[in-house]
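A quick write-up on the structure given underneath.
The values are calculated or read from the model by the stated rules, or taken from the named source; none is laboratory data. What you see is a predicted model; the values in this text were computed from it and never measured. Neighbour counts are summed over all protein chains in view; Cβ atoms, including those assigned to glycine, are modelled from backbone coordinates with ideal geometry. What goes into the accessible areas is simple: the full protein's heavy atoms, side chains included, and nothing from ligands, DNA or RNA. Shrake-Rupley method; radii C 1.70, N 1.55, O 1.52, S 1.80 Å.
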Amino acid sequence: MKLAVIGVGHVGLVTAACMAADGHEVVGLDTDTSKVDSLRAGTVPWYEPDLQELVDKGAAAGFISYTTDFSEALDGVDVAFICVGTPMMDNGSPNLSYVQSVASSIARHARHPLVVVEKSTVPVRTGERIRQTLALESMAHGGEMHEVVSNPEFLREGTAIEDTLRPDRVVVGADSEHAHGVMRALYQPLLDRHGCPYVATDVKTAELIKHASNAFLATKISFINAVARICELAGADVEQVADAMGFDHRIGRAFLDAGLGYGGSCFPKDVEAFIHIAAELGYDFGMLRETDRINREAKAWPLHQLRRLLWNVNDKEIAVLGVAFKPGTDDVREAPAIEVVDALLDDGANVRLHDPVALDNVRERWPEVSFCGGVEEALRGAHAVITCTEWDEYAAITPERLRELLAYPVVVDARNVWSAEGLRKAGFTVASVGSPLT
Ligand SMILES: NC(=O)c1ccc[n+]([C@@H]2O[C@H](COP(=O)([O-])OP(=O)(O)OC[C@H]3O[C@@H](n4cnc5c(N)ncnc54)[C@H](O)[C@@H]3O)[C@@H](O)[C@H]2O)c1
């Protein structure tokens, strides 16, 4: 099939590359001309494992091209995916103006009826708004009547290609047999290859599945972070608690890693958006407000611990390891490390920051921070280290080497990168999430 992907960011480009890998012809459109120029020149302008290779393959086979022109993108396509951002606004609701703008452009430029797919994460009933916008624009410009489908995306940055080529499930919400048929045909190569559940629903149900899934995962993270606080106070070990809980197949071990809380471009905004749409519909989702509160508390934990262990933080040299919101990506949107570094700077600390791939995305934000090309450069002579992203290369540093590099033997391990026991044996004063505080 031939399809257009509108917005070739973290979700759109992965969608385009994976659809091309399954034999579809894809045109990617973006209003960011520098992104389109870079993709046309053959370079993916951010870090995501295996994405560059898959994009190269699709381009070499002639299955992916890029444009900034809607008429060109929509020419002869069966399906148009909306993959633009839905960032959080100050009141917690998502900004849906990019989605509406794309819907208007589709209605103005499409020369035949399309299946318009919302892949961006949107609140329940956004499909109705897209349908309304398409209809109003079509009436105004004598255009076609299009169908609207919800096909939420569940990929995780860092494993986006694997998640998209071999998803746990595909969810498609449509309100007509025709639209369901088109989407089923689009996903048939994936289902033949991979054979995951294909969940066909109406549009509203599919929209809700996405918010419910992300809100549940975020709540799981906040739950274990709350348990971690209790472990610290009681003198118990949260990792053993999580492991033993995880053996119960009704619970599962995933998303029970206590740490610095969730971040990234999805969970914080999706939790807020779900609270907001629930309230608009007349339901107070108080449980999710608590999920968010515990997450804020988790992000404040490192500085609280550092003050406890070092007394005054001002003028101290503090090594911060990791700024990406999780390993495997250079994405720093809503990264918990951002709040940690901001708080350290407010307290007058000298911050030496290391991250294997994400430093370029924060250089302009913090002119006063020392950006370190190597992890040992960040650690050498520092009064304490705080781990903010659990990159493998940090776990590989032995307690002995850490002891040689740091000026004071003080560790705030906000991601439980190292064994607290091992560090203590090597003579460190340690604050590890969810283990007894000494
Ligand atoms: N990043 C993730 O891990 C992830 C996972 C699942 C779902 N989502 C959801 O997918 C959506 C997109 O997220 P993302 O991370 O890919 O965002 P992104 O910022 O990486 O990409 C969005 C792209 O849309 C482009 N754009 C904005 N307005 C446009 C317009 N009018 N026409 C064409 N292009 C336009 C931007 O230039 C950008 O390249 C969001 O709703 C997000 O919540 C993201």
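Dividing the Cα radius of gyration by the Kirkwood radius, what Rg/Rh value follows for segment 62-152? Mind dumping the intermediate values first?
On the way: Rg = 13.2 Å, Rh = 13.5 Å.
Using Cα coordinates only, the ratio equals 0.97.
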Task: Label point 7 Å beyond Cα of Glu376 along Cβ direction - residues of segment 396-424 with amide nitrogen under 13 Å - done: 397-398, 401-406
- [ ] Kindly point out which whole DSSP H helices in the chain project their C-alpha atoms 20 angstrom or further along the helix axis while averaging a Kyte-Doolittle hydropathy of 0.5 or above.
- [x] 203-234, 267-281
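Greater than 26 Å separation of Cα atoms is the criterion. Which listed pairs, Lys57/Lys269; Lys2/Lys119; Lys204/Lys299; Lys2/Lys326; Lys204/Lys326, meet it? Display every interim value, and only then the final one.
Working: Lys57/Lys269 33 Å; Lys2/Lys119 17 Å; Lys204/Lys299 34 Å; Lys2/Lys326 34 Å; Lys204/Lys326 31 Å.
Flagged as over cut-off: Lys57/Lys269; Lys204/Lys299; Lys2/Lys326; Lys204/Lys326.
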Open item on the list: I'd like the FRET efficiency for Cys196 and Thr438, computed as 1/(1 + (r/R0)^6) with the beta carbon distance as r and R0 of 51 Å, rounded to 0.05.
Closed with: 0.65
Task: Whole-number percent relative contact order across the chain, with pairs defined as alpha carbons under 8 Å at least 6 apart - done: 12 percent
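Using the C-alpha atoms of the chain, what convex hull volume per residue, in cubic angstrom, is computed? Provide the component values of the computation, followed by the final result.
Working: hull volume 65.8 nm³, N = 438.
Dividing the Cα hull volume of the chain by its residue count gives 150 Å³.
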TODO: Identify which of Ile221, Ile294, Ile230 has the largest mean-square fluctuation in a Gaussian network model of the chain, with springs joining Cα atoms closer than 10 Å.
DONE: Ile230
- [ ] Compute the length gained on full extension between Thr31 and His304: take 0.36 nm times their separation in residues and subtract their Cα-Cα distance, giving the result in nm to one decimal.
- [x] 94.0 nm
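I need the Kirkwood Rh of segment 10-98: take the reciprocal of the average 1/r across all distinct C-alpha pairs and report it in angstrom. Working shown, then result.
Working: mean 1/r = 0.0718 Å⁻¹.
After inverting the mean inverse Cα-Cα distance, the result is 13.9 Å.
Just from its helices, what would the mean residue ellipticity at 222 nm be for the chain, if runs of 4 or more DSSP H residues each count -39500 (n - 2.57) and the sum is divided by every residue, rounded to the nearest 500 deg cm²/dmol? Before the final figure, lay out the partial values.
Details: 17 runs with 202 residues, N = 438.
The helix-only estimate for the chain comes to -14500 deg cm²/dmol at 222 nm.
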Open item on the list: What percentages make up the Cα-Cα pair-distance distribution of segment 259-321 when the bins are 10 Å wide from 0?
Closed with: 18, 36, 24, 15, 6, 0
Task: Per residue solvent-accessible surface (Å²) - segment 279-438, probe of 1.4 Å - done: 44 Å²
Task: Cβ charges +1 (Lys, Arg) and -1 (Asp, Glu), total dipole of the chain, debye - done: 640 debye
- [ ] For segment 14-142, with all protein chains present and a 1.4 Å probe, just round the carbon and sulfur fraction of the accessible area to a whole percent.
- [x] 49 percent
Task: Estimated dipole of segment 176-218 in Debye, rounded to 20 [Cβ of Lys and Arg +1, of Asp and Glu -1, Cα centre] - done: 100 debye
Task: C-alpha center-to-center spacing [segment 285-306, segment 99-164] in angstrom - done: 35 Å
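Over segment 368-423, with every protein chain in place, what whole percent of the accessible area is carbon and sulfur at 1.4 Å, could you tell me?
Details: 1080 of 2260 Å².
Its accessible area is 48 percent carbon and sulfur atoms.
In Å³ and rounded to a whole number, note down the convex hull volume per residue for the Cα atoms of segment 308-438. Present the calculation step by step, with values, prior to reporting the outcome.
Details: hull volume 12.5 nm³, N = 131.
That works out to 95 Å³ per residue.
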